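Peer 1: After the structure tokens below, expect a handful of questions from me.
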Amino acid sequence: HYLFCGIQGNRRLPRFVPSEADLVFAAIDIVTQHNLPPGRVFCEWGSGFGTGTCLAALLGYEAYGIEIEPELVDIARDMARDLDIPAEFLCTSYIPEGFESYSGVGGEDLVRSRTFTYPGEDSDLELRYDGMDVDIAGIDLFFAYPWPEEQELMQKLFDAVAAEDAILIAYHSAKEICVYRKLFDARTAF
């Protein structure tokens, strides 16, 4: 079921656990068929080999994968190129500039730096990932397969950076795939 298996030669790759590609495809396909995302821009946080990002591209999304491990980004780029899939992979953290994570009780937590302002808060700053043509607010569908200690962090990040009506698919296990919609953007309420 996997496009790749997490082993390159006899060496395990750093911090990578594959999700079930058929379940990822089904989740993206279902939200797409029901027109839940407001548009067709996709971003995978922690894209690993890029399977989810490539599947989204095959379903018609402008697809971006965010991965901090350079070896995994190289593999994802090679796979997309070899299969002629129009997906982009960025070697960076999914936590954008202006935010930080820290280890807290029960896992990772998210904080906004004191100097950071959201777009429209006395700043013309557009929140984006380096190398991505789209602002984060322009991403319609996010996908993540978080480590257990990152589950709450990724939901907080989604709440903090996603635009109203954006969708997050969180693959917690083959038995638990959750879909979230951002219903209210407190940043634009005032």
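Peer 1: Would you check which residues across segment 49-87 are at positive phi and not small (Gly, Ala, Ser) and list them?
Peer 2: Answer for segment 49-87, where residues must be at positive phi and not small (Gly, Ala, Ser): just ASP84.
Peer 1: Answer yes if at least one residue in segment 16-24 is open to solvent by less than 20 Å² (accessible area, probe 1.4 Å), part of a helix (DSSP H, G or I), within 27 Å of GLU164 (Cβ to Cβ) and of a type in the set (A, V, I, L, M, F, W, C), and no otherwise.
Peer 2: The answer is yes, given that some residue of segment 16-24 is open to solvent by less than 20 Å² (accessible area, probe 1.4 Å), part of a helix (DSSP H, G or I), within 27 Å of GLU164 (Cβ to Cβ) and of a type in the set (A, V, I, L, M, F, W, C).
Peer 1: Filter segment 152-186 down to residues that are over 16 Å from PRO37 (Cα atoms) and either modelled with pLDDT of 85 or more or buried (at least 16 other Cβ atoms within 10 Å of the Cβ) (or both), then give me how many there are.
Peer 2: The number of residues fulfilling the criteria is 12.
Peer 1: What is the residue count in segment 49-73 for residues that are assigned to a helix (DSSP H, G or I) and either among the basic types (Lys, Arg) or open to solvent by less than 10 Å² (accessible area, probe 1.4 Å) (or both)?
Peer 2: In the first step, residues of segment 49-73 are kept if they are assigned to a helix (DSSP H, G or I); the result is 51-58, 70-73.
Those still in the list that are either among the basic types (Lys, Arg) or open to solvent by less than 10 Å² (accessible area, probe 1.4 Å) (or both) too: 52-54, 56, 72-73.
Qualifying residue count, segment 49-73: 6.
Yes/no matrix, rows are residues, columns are (1) hydroxyl-bearing (Ser, Thr, Tyr); (2) modelled with pLDDT under 90:
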{"residue": "ASP84", "(1), (2)": "no, no"}
{"residue": "VAL105", "(1), (2)": "no, yes"}
{"residue": "LEU110", "(1), (2)": "no, yes"}
{"residue": "THR115", "(1), (2)": "yes, yes"}
{"residue": "TYR129", "(1), (2)": "yes, no"}
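Peer 1: Could I ask something else about it? Look at segment 148-170 and say how many of its residues are of a type outside the set (D, E, K, R) and more than 13 Å from the chain's Cα centre (by Cα). Spell out the reasoning first.
Peer 2: Looking only at segment 148-170, we keep the residues that are of a type outside the set (D, E, K, R), and these are 148, 151, 153-155, 157-158, 160-163, 166-170.
From what is left, the residues that are more than 13 Å from the chain's Cα centre (by Cα) are 148, 160, 163.
So the answer is 3.
The values are calculated or read from the model by the stated rules, or taken from the named source; none is laboratory data. Remember, it's a predicted structure, so these values are computed and weren't measured experimentally. Positions of Cβ are generated from backbone atoms using ideal geometry, with glycine treated the same way; all protein chains shown enter the neighbour counts. Accessible surface areas use protein heavy atoms only, side chains included; no ligands, DNA or RNA. Shrake-Rupley method; radii C 1.70, N 1.55, O 1.52, S 1.80 Å.
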